Amino acid sequence: MNFTPIRLAYNALSAQKTRTILTILGMSIGIAVVITIMAAGKGLDYMVMGQLEIFSPNTITVEVKVPATKKTSNDNAMGIATGITITTLKDKDLDTVLKHPNVSAAYGFVMGQAVVKYQNETKTSLLFGEGYNLQEVEKFAIDSGRLFTQDEEDSLTQVAVLGSKMSELLFGQENAVGKTVYIKGKPFRVVGVAAKRGAVLGMDMDKMIVLPAKTMQRRILGIDYYQEIIAKVIDRTQIKQTVADLEQSLRENHDITDPNKDDFAVNTMEEAAKMLSSVVNGLTLLLVALVCVSLLVGGVGIMNIMYVSVTERTYEIGLRKALGAKSKDILMQFLFEAIILTVAGGIFGIISGALLALVIYFIATSYNYTWLYSVPLSSIFLAIGFSAAIGLIFGIYPAKKAASLNPMEALRRE
Amino acid sequence: MALIEVVDLDKEYVNEEVVTPVLHGLNFKIEKGEFVAIMGPSGSGKSTLMHILGFLDKLSKGKFVFDGKDVSTLTDDELAEMRSKSVGFVFQAFNLLPRTTVLENVILPLIYTKMSEKERMSKSKAALSSVGLDHRLQFVPSQLSGGEKQRVAIARALVNEPAVIFADEPTGNLDSKSGLQVMQILQELNEEGHTIILVTHEKYTAEHAKRILRIRDGELVGDEIVNNRQIANGAKELIK
């Protein structure tokens, strides 16, 4: 095999080091951007899909609602935020939900915030009041110790399960189980520490404390109502009927005849999941648009560099022809130059794209998102294929034009 | 048999349907081993004639026989082949590849021929040695003086052992001393048997050749033997 064109290309590239480095840089930036965006998209997708998973499709929630507002409306959200407190969702309603033949388990939920103390450490923590049967309804893993029992909840025992980060904040490396923390000044025995859960919808699930809902109602908040009831259905296909049944029974409980005046809303998690996935689809579309734009920008960059660098070498092409090079020799040289540039740009681009994606991974994980580090093979093929095609076309087309010139004419264009 | 035979040669440029005649009805022969100067004022067509004789351009009408072979109708690739094998060029502007070593510049014409790397290397070094530049092999053109650059160009023109060396105003960009060196090298190459065709507008430079073809307005107006030939000697010592 004749390696002369490769040597020629190599010599020409090393005679123009700055131009060569700039060309490779331009190419690798284009490639790196595409790879980074696609890898970040993959990580984001993984994160959101992970959050979707906690929305079990078998779950029904009963939430409090400001009467005469739509359940997902601004009026409802504003009403609750500005202090309208709906106090009507009570144990009686929880019993009603539990009695429905299609419901296997249910518990009441309250949320609050309080100062937590252990020895010299003082923290503010989000408090979740949940049922002893929490694990029957949704995923909740315990790292050490245990969840509270039905007896403990019914007898309003002051026990707590700490989120993994909260345990670290208060106890450091010490085992928290068996210790006593003071929540709102009241002693609570730590019975368990939850496994790491990451952030859900921007809320850090590892920084909160789970208490038995009834204990939290009576001992911390001084109330007897829930903010939400969460239930698990047995037969998912009957979920619509179950929602309708529950609406009917709860209305009876609350003496409501006009559905517009409902002070509660029965939702399925499926609806919530649908809303979230429409957001994800929007994000995916945005990423696709970003990739297209960066391909376009990178492509135009490569196009410019190749076109200019070949065009300004018309003199060299003329000289080579005058010294006996055939058009084919010139084209081979420029072809190999473009190949060397593309391969070098590709390698640098993949490496820097992969590194950038890794940086994003570390940033995301430091914010406690369950991110995934993955450089999709498709992004590498797309980026390299696209820039190689553009590099070759715009490296060879002007070379072909210059090579077809009369050598003297080309030589005069110094 | 003449090395070069031109019969009724015409050359015209056609640009957007405007025809510009450049050369008209040229007839002459050049034998092997001659040293011919093509002389004429600027715009006379002497460079165009050199480009045609050097296979850099095509004639419009007439016949051009090179070494017994009619080369009037060669294709672009065949012309490239002829440039590669049969001719060498020395240009007024040196035309070396910038940022490329002297040695690589001289190897350049050999890259387009079938030859082993070793052979290319030894031939290039020999050519550079014959113009007194053994000590400049790894220099790049910007580190050389004008005279040295032109000697690199001469080495490059020699390296493929061509039948004819064309020199287009080779002293035009040089001081008189360097110009003299270049003319001496050309005369020595001629003594060694190389056919040399020199293009110039200067009478003094032309008189270093053995024969002068005078061109004016695209026509041959004189073909004479140089009687009081200028001999550039003593300049070679300056090189070493």
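Laboratory data are not the source of any read-out in this text; all were calculated from the coordinates shown. Computed from a predicted structure; not experimentally measured. Cβ sites come from the backbone with ideal geometry, for glycine too, and all protein chains shown count toward neighbours.
For A:T85 and A:M275, compute 0.36 nm times the residue count separating them, minus their Cα-Cα distance, and round to one decimal in nm.
65.8 nm
Within a 10 angstrom radius of the beta carbon, how do A:I80, A:I183 rank from fewest other beta carbons to most? Can you show the working numbers first?
Details: A:I80 17, A:I183 21.
Listing A:I80, A:I183 from fewest to most nearby Cβ atoms yields A:I80, A:I183.
Report, to one decimal in Å, the Kirkwood hydrodynamic radius for the protein assembly as shown based on all distinct Cα pairs.
When all Cα pairs of the protein assembly as shown are included, the Kirkwood radius is 32.6 Å.
Taking neighbour counts of Cβ atoms within 10 Å as a proxy for exposure, in what order, fewest first, do A:T85, A:T237 appear? Before the final figure, lay out the partial values.
Numbers: A:T85 12, A:T237 8.
Going from sparsest to densest Cβ surroundings: A:T237, A:T85.
Quote the relative contact order of the stretch A:87-262 in percent (integer), defining contacts as alpha-carbon pairs under 8 Å separated by 6+ residues.
32
Across the Cα atoms of the stretch A:54-123, what radius of gyration and what greatest pairwise Cα-Cα distance (Dmax) are found, in Å?
16.5, 50
Give me a single rounded figure for A:403-413: the average over its residues of other chain Cβ atoms within 10 Å of their Cβ.
Going residue by residue through A:403-413 and averaging, the value is 3.
Using helices alone, I'd like the mean residue ellipticity at 222 nm for chain B: each DSSP H run of four-plus residues gives -39500 (n - 2.57), total over residue count, nearest 500.
Computed ellipticity for chain B at 222 nm equals -10000 deg cm²/dmol.
Between helix A:327-366 and chain A, what is the angle of the helix's C-alpha long axis to the longest principal axis, kept within 0 to 90° and rounded to the nearest 10?
Helix A:327-366 sits at roughly 20 degrees to that axis.
So what are the ³J(HN,Hα) numbers for the stretch A:282-295, from phi and the Karplus equation (6.51, -1.76, 1.60; θ = phi - 60°), rounded to whole Hz, Gly and Pro as x?
x, 5, 4, 4, 4, 5, 4, 4, 4, 4, 4, 4, 6, 4
Return the whole-Å distance between the Cα centroid of the stretch A:240-272 and the Cα centroid of the stretch B:1-48.
103
Starting from the Cα of A:K274, draw a straight line to each of the lysines and keep only those under 25 Å, dropping any in the same chain fewer than 8 residues away.
A:K42, A:K65, A:K70, A:K71, A:K139, A:K232, A:K240
Over chain A, with a Gaussian network built from C-alpha contacts below 10 Å, which listed residue (A:R197, A:R313, A:R189) shows the highest mean-square fluctuation?
Judging by the Gaussian network model, the answer is A:R313.
Compute the relative contact order of the stretch A:317-401 as a whole-number percentage, counting only Cα pairs closer than 8 Å that sit 6 or more residues apart in sequence.
Over the stretch A:317-401, the number comes to 46 percent.
Which far-off residues, 5 or more places away or on another chain, put their amide H under 5 Å from the one on A:V200, with H placed in the peptide plane?
Distant-sequence amide H within range of A:V200: A:M205.
Relative contact order (percent) for chain A, with alpha-carbon contacts under 8 angstrom and 6 or more residues of separation?
30
Could you state the angle between the C-alpha long axis of helix A:4-15 and the longest principal axis of the C-alpha atoms of chain A, as a value from 0 to 90 degrees rounded to the nearest 10?
70
Take B:S44, A:S278, B:S60 and order them by how many other Cβ atoms sit within 10 Å, fewest up front.
A:S278, B:S60, B:S44
Spin-label point model (7 Å from Cα, Cβ direction): what's the A:V293 to B:V19 distance in nm?
In this crude spin-label approximation the distance works out to 5.9 nm.
Need the full-extension length gain, A:T365 to A:N120, defined as separation in residues times 0.36 nm minus the C-alpha distance. One decimal, nm.
Full-extension gain reported as 85.3 nm.
Would you list the P(r) distribution for the stretch A:136-187, with all Cα-Cα distances sorted into 10 Å bins from 0 and each bin expressed as a whole %?
The percentages, shortest bin first, are 20, 51, 28, 1.
Just the Cα atoms of the stretch A:87-262: what Rg and Dmax do they give in Å?
Expressed in Å, the Cα Rg and Dmax of the stretch A:87-262 come to 17.4, 56.
For the protein assembly as shown, what is the percent of antiparallel DSSP beta bridges, rounded to the nearest 5?
Around 70 percent of the beta bridges assigned by DSSP in the protein assembly as shown are antiparallel ones.
If I fit a long axis through the Cα atoms of helix A:377-403 and take the longest principal axis of the Cα atoms of chain A, what angle between them do I get, 0 to 90°, rounded to 10?
Compared with the principal axis, the helix lies near 20 degrees.
Hey, what's the per residue convex hull volume over the C-alpha atoms of chain B, in cubic angstrom?
Convex hull of Cα atoms, per residue: 132 Å³.
Any chance you could check the Cα centroid distance between the stretch A:150-197 and the stretch B:170-225 for me, in angstrom?
About 104 Å separates the Cα centre of the stretch A:150-197 from the one of the stretch B:170-225.
For the stretch B:1-134, count the residues as N, evaluate 2.2 N^0.38 Å, and divide the Cα radius of gyration by that value, please.
Working: Rg = 17.3 Å, N = 134, 2.2 N^0.38 = 14.1 Å.
This ratio for the stretch B:1-134 stands at 1.22.
Please work out how many pairs of lysine residues in the stretch B:82-199 are eight or more positions apart (or on different chains) and have Cα atoms closer than 22 angstrom.
Lysine pairs satisfying the spacing and distance rule in the stretch B:82-199 number 9.
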